[in-house]
Each structure stands twice: as structure tokens, then as C-alpha cells.
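Remarks on the structure that follows.
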């Protein structure tokens with residue numbers, strides 16, 4: 001019984017390695033320093049800087065050291081929207097659609113465009129009930145934070161897709 005168990009585990013390990021399964025790793029970038037040009041008060045820019053620095057292979061340069069950086073990420077727009085998409089028979093709001101839009105471009109300090117101006121959009125639907133307004137406000141905040149994290153992850157993958165500067 002012990003030998004059958006061992007052979008079963010060894011077979012499962014071979015199947016997993018043969019299918020190409022691999023845990024997600026930190027992205028590898030083609031540059032070693034980046035300047036993120038965006039509103040300092042933006043929580044998206046702050047989270048993006050933190051994610052880039054967490055990888056360890058890229059240093060995030062502040063405005064004073066901008067001249068020596070390899071690439072510049074311009075975050076030109078960071079916008080949140082809330083649109084009514086559903087009403088009940090008496091005209092009261094029953095459903096909203098939350099949207100987060102981010103516009104960015106990646107360039108070298110000399111002006112060579114590596115990623116042209118691109119817009120990323122995330123949207124989520126949320127029901128509304130005026131008797132639970134505080135709970136819905138907290139849910140809305142969580143959904144905005146989730147959309148922001150998704151956009152930062154998409155941005156990180158796009159930055160990692162750059163192969164040469």
C-alpha cells in the first residue's frame with residue numbers, strides 16, 4: 001500500500017510539471033528605474049509605485065532624480081464615475097454602475113513612446129437600497145478599491161510586456 005501511494009504522488013507531480021503549471025511570480029521589467037508622473041494625492045499612483053517597488057528589481061525615482069531615469073510613466077487621467085442604470089416604478093434608483101478610468105502612456109525621458117496613450121476601464125454594478133445606505137456606501141468603497149487594484153495589476157502586466165527600451 002505504501003508503494004502504491006508513493007507512485008500515485010509521483011505520477012501526480014509529473015502531471016503537474018508536464019502541464020506547465022507555475023506559481024505567479026513578480027514581473028520582470030526591461031528597465032531598472034522608472035519615474036511615475038501623476039497626481040501625488042492619487043491613491044492609484046501611490047498603489048502603483050508601491051507595487052513596482054515591491055518587485056525589488058526596479059527603483060521608483062522621485063521628481064528630483066527624474067533626469068537619470070530610464071522610463072517615465074505619465075498617468076494623465078484617473079477618474080471615478082457613478083452612473084444610474086436602474087430605476088423602480090416610482091422613479092427611485094435601484095442600481096448603479098461604478099466605473100474607474102485611467103489614462104497613461106510610457107515613454108523614455110528623450111520622448112520615445114514605448115506605450116502610446118492608453119485607457120483602462122473597469123466597471124462594476126451595484127444595487128441600491130435607501131434603507132441600507134451606509135452599507136451600500138461601504139460596498140461602493142470596496143468595489144472602487146477592487147477596481148483600482150485590478151487596474152494596477154493590468155498596468156504592471158503591460159509594463160512587464162515591454163521587451164526593449
> Given the structure, is residue 118 touching a helix residue (DSSP H, G or I) at 6+ places or on another chain (Cβ under 8 Å), in a strand (DSSP E or B) and surrounded by fewer than 16 Cβ atoms within 10 Å (Cβ to Cβ)?
Replying inline: yes
>> Which condition from (1) surrounded by fewer than 12 Cβ atoms within 10 Å (Cβ to Cβ); (2) touching a helix residue (DSSP H, G or I) at 6+ places or on another chain (Cβ under 9 Å) is the one that residue 104 breaks?
In response: (1)
>> Restricting to the stretch 18-39, name every residue that is loosely packed, with under 10 Cβ neighbours inside 10 Å and without any contact (Cβ under 8 Å) to a residue 40 or more places away in the chain.
In response: 18, 19, 20, 21, 22, 23, 24, 25
>> Just to check your reading of the model, which residue among 146, 125 is over 18 Å from the mean Cα position of the chain (by Cα) and either part of a helix (DSSP H, G or I) or at pLDDT 90 or above (or both)?
In response: 125
>> Taking the conditions exactly as written (farther than 15 Å from residue 153 by Cα and assigned to a loop (DSSP other than H, G, I, E, B)), does residue 26 satisfy them or not?
In response: no
>> Give all pairs with beta carbons closer than 8 Å in which a residue from the stretch 137-165 that is free of Cβ contacts under 8 Å to residues at least 12 places away in the same chain meets a residue that is loosely packed, with under 12 Cβ neighbours inside 10 Å and part of a loop (DSSP other than H, G, I, E, B); count only pairs at least 6 apart in sequence or on separate chains.
In response: none
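Filter the stretch 29-46 for residues that are assigned to a loop (DSSP other than H, G, I, E, B) and within 12 Å of residue 75 (Cα to Cα) and give the result.
Result: 38, 39, 40, 42.
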>> Being in a strand (DSSP E or B), under 18 Å from the mean Cα position of the chain (by Cα) and within 19 Å of residue 40 (Cβ to Cβ) is the filter here; which residues of the stretch 51-93 pass it?
In response: 60, 72, 73, 74, 75, 76, 77, 78, 79, 80
>> For the stretch 72-95, check the following and say yes or no: at least one residue is touching a strand residue (DSSP E or B) at 6+ places or on another chain (Cβ under 7 Å), under 25 Å from residue 26 (Cα atoms) and touching a residue at least 60 places away in the same chain (Cβ under 8 Å).
In response: yes
> Among (1) part of a strand (DSSP E or B); (2) in contact (Cβ under 8 Å) with a residue 60 or more places away in the chain, where does residue 98 come up short?
Replying inline: (2)
> Consider residue 49 against the criteria (1) more than 17 Å from residue 164 (Cα to Cα); (2) exposed (fewer than 14 other Cβ atoms within 10 Å of the Cβ); (3) touching a residue at least 12 places away in the same chain (Cβ under 8 Å); (4) out of contact with any helix residue (DSSP H, G or I) (no Cβ under 8 Å at 6 or more places or on another chain): it satisfies all of them except one. Which criterion is unmet?
Replying inline: (2)
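The values are calculated or read from the model by the stated rules, or taken from the named source; none is laboratory data. Computed from a predicted model, the values in this text were never measured in an experiment. Cβ atoms come from the backbone with ideal geometry, glycine included; neighbour counts cover every protein chain shown.
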